[in-house]
Amino acid sequence: MFADRAKIFIKSGKGGDGHVSFRRELYVPNGGPDGGDGGRGGDVIFEVDEGLNTLQDYRHRKKFAAKDGEQGGKRRCHGADAEDIVLRVPEGTVIKEAESGKVIADMSGDNRRQIILKGGKGGLGNQHFATATMQIPKYAQPGQPSKELWVNLELKVIADVGLVGFPNVGKSTLLSRVTNAQPKIANYHFTTLNPNLGVVDLPGAKGFVIADIPGLIEGASEGVGLGHEFLRHIERTKLMIHVVDAAGTEGRDPIDDIYKINAELEAYNPEIAKRPQVIAANKIDAIYQEDSDPVQALKDEFEPQGIRVFPISGVTGSGMKELLYYVSEQLQKLDQAPIIFKQEYFPEDELIYVDLPYTVEKEDDMYVVEGPKIEKMLGYTNLDSEKGFAFFQKFLKDTGILDELEAAGIQEGDTVRMYGLQFDYYR
């Protein structure tokens, strides 16, 4: 079976805990705290592997976890950072959050390697908490927790042109004639059980990548037949060659076939159905009707709609040159940027919004906000970056912390403390 989908569980490593210890050596009075920091937990990283073309590696193994960072040690020894776990996928793999279906990453184009879940930061040892008034701190910071997600992996092939149509209309034969691809070809339905890719080279014109998508049938968008399994593979194509059996060798009406397949595309994704199409009226070598011309009927029906019809024969090669040069010309008129799915789900942000407790209290002239929710946010957010600081402001507003501070009577210029972070409050 061609594996183009998988659902897996991923988990980053926990940060190592900071250590509590005190320097005790002969002739060294009042040695002071010397607990070391914990090591960083391992990241979960996805990386494109040019040698892969399926998600077969994820069909049986479903859980992948990075290791935890080591705990800090005595004498200010830093715990070892954990190794990252690298998951290799074929180019074109889209990673989605399983519950919402939102895109986390598209491993295509320039995106060859991406950290999906960052490991937890190591906790600070007690050496960092000594002050003039607290010279023997017996507290060390715990490592930041790990993060985990269920994600769906979907492989969407990368091609400029997709071949669509009913089963057994000659898509694989066309692909084998115009490219070096060698798809399985036989005279029965669903010969093609996985997408085939080929490169079309044209003298004097720009070539393109073409994909043979397994045959669709009526109801494919609802899960009927095999074709619905592969509709996702036309999501990246810029133009479609709609291959139709112009000779009607299986007793179907070619015009009706085109409308039915287009209806399936519309039902699956209306945006895809609006993309440019070219009709390849195949099997003209098998047309024996004397009283009517099915190719002319196709032209009369679709060319007024702006869809060109090219009579071809996958067996003899007739009409192929005209079709391919026209397709190349049309591609040059379209946006040349590859179709990349934009990130919709940000694990770093989403995980911070997990429902955890916090408290807002006034101590002397200062407002103190503490709790697991605040500790988690501070551990995952880099406040030194512009993006991190903007997220921090949004976090305070969206979680209702600002409202609670105002309810507690905070005024402009008052100081807010969140563990080691202090700032003045202004609207």
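The values are calculated or read from the model by the stated rules, or taken from the named source; none is laboratory data. Quick caveat, the model's predicted, so the values are computed rather than measured. Cβ atoms come from the backbone with ideal geometry, glycine included; neighbour counts cover every protein chain shown. Surface accessibility is based on the protein's heavy atoms, side chains included, excluding ligands, DNA and RNA. Shrake-Rupley method; radii C 1.70, N 1.55, O 1.52, S 1.80 Å.
Points worth noting:
- Meets criteria (of a type outside the set (G, A, S) and at pLDDT below 80) for L334: no
- Among residues of segment 134-157 that are over 20 Å from E99 (Cβ atoms), those with a Cβ under 9 angstrom from a residue that is of a type in the set (G, A, S) and surrounded by fewer than 18 Cβ atoms within 10 Å (Cβ to Cβ), sequence gap 6+ or separate chain, pair up as Q135/G32; I136/G32; I136/A130; P137/A130; L155/A3.
- Qualifying residue in segment 355-376 (condition: among the hydrophobic types (A, V, I, L, M, F, W, C), modelled with pLDDT under 80 and open to solvent by less than 60 Å² (accessible area, probe 1.4 Å)): yes
- Any chance H60 is surrounded by fewer than 16 Cβ atoms within 10 Å (Cβ to Cβ) and not charged (D, E, K, R): yes
- Whichever residue in segment 89-124 is farther than 15 Å from E47 by Cβ and acidic (D, E) and, among such residues, is most open to solvent (accessible area, probe 1.4 Å): E99
- Of the numbered criteria (1) open to solvent by 30 Å² or more (accessible area, probe 1.4 Å); (2) of a type outside the set (S, T, N, Q); (3) modelled with pLDDT of 90 or more, the one L52 fails is (3).
- Residues of segment 314-351 satisfying the condition of being open to solvent by 30 Å² or more (accessible area, probe 1.4 Å) and closer than 30 Å to A286 by Cα: V315, T316, S318, K321, E322, Y325, Y326, E329, Q330
- As a summary of the residue check, G69 satisfies the conditions (1) over 30 Å from R23 (Cβ atoms); (2) open to solvent by less than 70 Å² (accessible area, probe 1.4 Å); (3) in a loop (DSSP other than H, G, I, E, B) except for the one numbered (1).
- Of the residues making up segment 296-313, those that are surrounded by 12 or more Cβ atoms within 10 Å (Cβ to Cβ) and either assigned to a loop (DSSP other than H, G, I, E, B) or touching a strand residue (DSSP E or B) at 6+ places or on another chain (Cβ under 8 Å) (or both) are L298, K299, F302, E303, I307, R308, V309, F310, P311, I312, S313.
- Condition check for R76: surrounded by 15 or more Cβ atoms within 10 Å (Cβ to Cβ), in a loop (DSSP other than H, G, I, E, B) and in contact with a helix residue (DSSP H, G or I) (Cβ under 7 Å, 6 or more places away or on another chain): yes
- Within segment 398-411, tally of residues that are modelled with pLDDT of 80 or more and either open to solvent by 70 Å² or more (accessible area, probe 1.4 Å) or farther than 20 Å from L356 by Cβ (or both): 7
- Residue match in segment 272-290 (condition: among the β-branched types (V, I, T), under 14 Å from V244 (Cβ atoms) and open to solvent by 30 Å² or more (accessible area, probe 1.4 Å)): yes
- Residue within segment 228-251 that is within 13 Å of V164 (Cα to Cα), at pLDDT 80 or above and among the hydroxyl-bearing types (S, T, Y) present: yes
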